[in-house]
Amino acid sequence: MADEVVKILDNRKVNEKYYKLSFCSHEIARGAQPGQFLHIQINPTLDPFWRRPFSFYRVDGDEIEILYEILGHGTAMLAQKQAGEVLKVMGPLGKPFRKAVKPKKRICVAGGVGLPPLLYLAECEDVDFFLIGAKSRSEVMPDSELEHIKGTVMYSTNDGSYGVKGYVTVLLEQILKEERPEDVFIQTCGPMVMMQAVRDLAEARYIKGEASVDETMACGLGVCLGCMVKTHAGWLPSCTEGPVFDFSQLQGSLICQT
Amino acid sequence: MSDVNLTTKIKGLTFRNPITVGSGTFGTKQDFLDYVDYERLGAMTTKTITRHPRTGNPMPRICETSAGMLNAIGLQNRGLEEFLKNKIPLFAKIKTPLIVNIAGEAAGDFQHLAEALHKEKDVVKALELNLSCPNVEEGGAGFMRKRERILEAVKVVRDATDLPIFAKLSPELGDVVEIARDVIDVGADGLTLINTLKGMAVDTERRCSRIANITGGLSGPAIKPVAVRYVYEVKQALGVPVIASGGIMTAQDAIEFLIVGADLLAVGTANFINPRATMEILDGISQYCRDHDITHIDELRGSFHHENQISG
Ligand SMILES: Cc1cc2nc3c(=O)[nH]c(=O)nc-3n(C[C@H](O)[C@H](O)[C@H](O)COP(=O)(O)OP(=O)(O)OC[C@H]3O[C@@H](n4cnc5c(N)ncnc54)[C@H](O)[C@@H]3O)c2cc1C
Ligand SMILES: Cc1cc2nc3c(=O)[nH]c(=O)nc-3n(C[C@H](O)[C@H](O)[C@H](O)COP(=O)(O)O)c2cc1C
Ligand code: FES
């Protein structure tokens, strides 16, 4: 793990929703695994005050890419950065997705800011089904960002402008009708509401899987105890004990944690 | 490494430098060890330990605010027994004085904790009493009751141990100088100023608090001027040892507190943004001393110049 000041190589818009930013770091790239994340200080002036967590999207040698969406103050500032400007980046942090799932079929279910880590997973490992939930056609990723996925890519959009109309769980239900529960393994990342729906579908069928949770983080190092997730072993910091958790670890709903 | 002498003495204790950490803001896991050499710190301060384990508050527990953050962690910790069993042996290996922060719901808890920690004097060098956590229900205790309970807690700890005692206070408790005087009168050796300030932030979409506990403790640069003020006032009025806490992000911040007289400097929220903050602040203080021909930190400490006051 390292915490380094890096120079931005490139920062550009991919589509209506996502931006892509790249930089080089030997120390951080070394050992990075899908599901792990970076903790980025966007400005040295403490505005935004905290760092922001972003998943590894692509790692090629020493070059690292993140894929991000403008959701607020920090990501809006990030999108303004030009090549040559610097960021302070710490990583790799957290526990990765499970790599070996064979002989089971791997189903990835992604939505929103949960897309990047699963696309990276699909670059490193075989995926049988890659399901993406989006609001509308304008959010659909260009083919160039998806061509490395070996399995079937399917989209759902809320307005039906691309792929199947409805939530991504509609796609998941379709697939699960064809597969035996013991033959599949689900890995999901996206809004908590989406992941909870995925988990509900899986658990009703005794299907195993993992969810990469999205909790607000301050330190990213397991110190502040602010990013907790309720597990059968008590509240655990998602930055160090996650962000990827096995479905069986999680206790109660992901949506309202009390 | 440093030509500047940063040695800080308080009540028979010698610290290699004035830098410690804010309770609950620092790690002992390997992740943190990658960035911090614990043996370069002046002192280590633990997260609050309570008599029994505490699971902490529901989520969300933290939120970012302008120049700071709110937290309502709720003193999540594994309790005294686990601390004695697992953490004391760990700290015993680090050659840095350990300050253990404790809290209780009643005087009996404080007494129990103090007695147990007194037996670990080889490792535990001082106690910090968290008398001011804003995130724990007080059972609706009124203001006077609260003050009585604080004094009672200090008294029982004093009776239980001769370890140096620092009472950690918050302006929420009322007139800080007055309470500081009272806690010193009943046996505290020094004060930690300040704990977080109770605050609140509203989610404008859901129209509810951004923290499940509704209110949380404000920390970070936003509270630094308040902390500087109280360290200054208490040092002027009482001259007793003070651990400064509140918004120390840089060496410049630390030096402000030193000038108004702080003995130790607790780096808190800064650790979340930069795990190396303590180390960088330490280097920055040495640099400032060199730049200002200061050979011993005591020449800087409490050097506030009233006669230099700009006042047109
Ligand atoms: C492990 C992990 C990995 C991640 N990976 C990625 C990734 O690869 N790509 C990516 O794009 N994102 C990722 N995220 C999410 C990313 O960290 C957040 O999108 C980012 O922190 C948002 O920062 P911001 O400053 O832009 O938004 P913030 O300003 O922090 O706001 C976040 C959201 O809260 C809302 N909000 C803020 N204040 C209020 C208020 N007072 N009332 C109502 N609403 C409010 C904002 O409108 C916004 O929707 C990841 C998160 C985690 C935990
Ligand atoms: C996440 C978090 C947890 C904290 N936990 C404790 C605690 O357990 N006990 C305590 O006495 N103070 C606790 N504090 C208060 C800090 O030790 C410190 O006094 C306060 O945050 C002000 O300093 P800062 O602005 O440098 O953070 C906590 C603060 C934060 C932000
Ligand atoms: S972000 Fe601080 S413990 Fe996870």
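The values are calculated or read from the model by the stated rules, or taken from the named source; none is laboratory data. The structure displayed is predicted, hence computed values, not measured ones. So basically every Cβ, Gly included, is an ideal-geometry build from the backbone, and we count neighbours across all protein chains shown. The accessibility values were calculated without ligands, DNA or RNA, using every heavy atom of the protein model including side chains. Shrake-Rupley method; radii C 1.70, N 1.55, O 1.52, S 1.80 Å.
Points worth noting:
- The set of residues in region A:61-89 being free of Cβ contacts under 8 Å to residues at least 12 places away in the same chain and either more than 18 Å from residue A:218 (Cβ to Cβ) or assigned to a strand (DSSP E or B) (or both) consists of A:76, A:80.
- Going through (1) touching a helix residue (DSSP H, G or I) at 6+ places or on another chain (Cβ under 7 Å); (2) aliphatic (A, V, I, L, M); (3) assigned by TED's automatic domain parsing to the domain that holds residue A:120 one by one, residue A:171 falls short only on (1).
- Annotation note: of B:73, B:49, B:19, the sole residue that is touching a Cys at 6+ places or on another chain (Cβ under 9 Å) and either in contact (Cβ under 8 Å) with a residue 24 or more places away in the chain or within 14 Å of chain A (Cβ to nearest Cβ) (or both) is B:73.
- For region A:221-236, the tally of residues that are within 13 Å of ligand 2 (Cβ to nearest atom) and under 17 Å from the mean Cα position of the chain (by Cα) stands at 1.
- Identification of strands (runs of 3 or more DSSP E) wholly contained in region A:179-234 with 1 or more residues that are under 22 Å from residue A:103 (Cα atoms) and within 16 Å of ligand 1 (Cβ to nearest atom) yields A:184-189, A:208-212.
- Among the residues making up region B:190-212, those that are within 14 Å of residue B:69 (Cα to Cα) and within 16 Å of ligand 1 (Cβ to nearest atom) are B:199, B:200, B:201, B:202, B:209, B:210, B:211.
- The set of residues in region A:47-60 being surrounded by 15 or more Cβ atoms within 10 Å (Cβ to Cβ), more than 16 Å from ligand 3 (Cβ to nearest atom) and assigned to a strand (DSSP E or B) consists of A:58, A:59.
- Of the residues making up region A:82-117, those that are more than 14 Å from chain B (Cβ to nearest Cβ), open to solvent by 10 Å² or more (accessible area, probe 1.4 Å) and within 13 Å of ligand 1 (Cβ to nearest atom) number 3.
- When residue A:184 is tested against the conditions (1) over 17 Å from the mean Cα position of the chain (by Cα); (2) buried (at least 19 other Cβ atoms within 10 Å of the Cβ); (3) more than 14 Å from residue A:106 (Cβ to Cβ); (4) more than 11 Å from ligand 3 (Cβ to nearest atom), the lone failure is (3).
- Every residue from region B:169-213 that is free of Cβ contacts under 8 Å to residues at least 24 places away in the same chain, part of a loop (DSSP other than H, G, I, E, B) and either among the charged types (D, E, K, R) or surrounded by 14 or more Cβ atoms within 10 Å (Cβ to Cβ) (or both): B:175, B:205, B:206, B:207
- Residue match in region A:38-52 (condition: farther than 26 Å from residue B:68 by Cβ and either of a type outside the set (A, V, I, L, M, F, W, C) or in contact (Cβ under 8 Å) with a residue 40 or more places away in the chain (or both)): no
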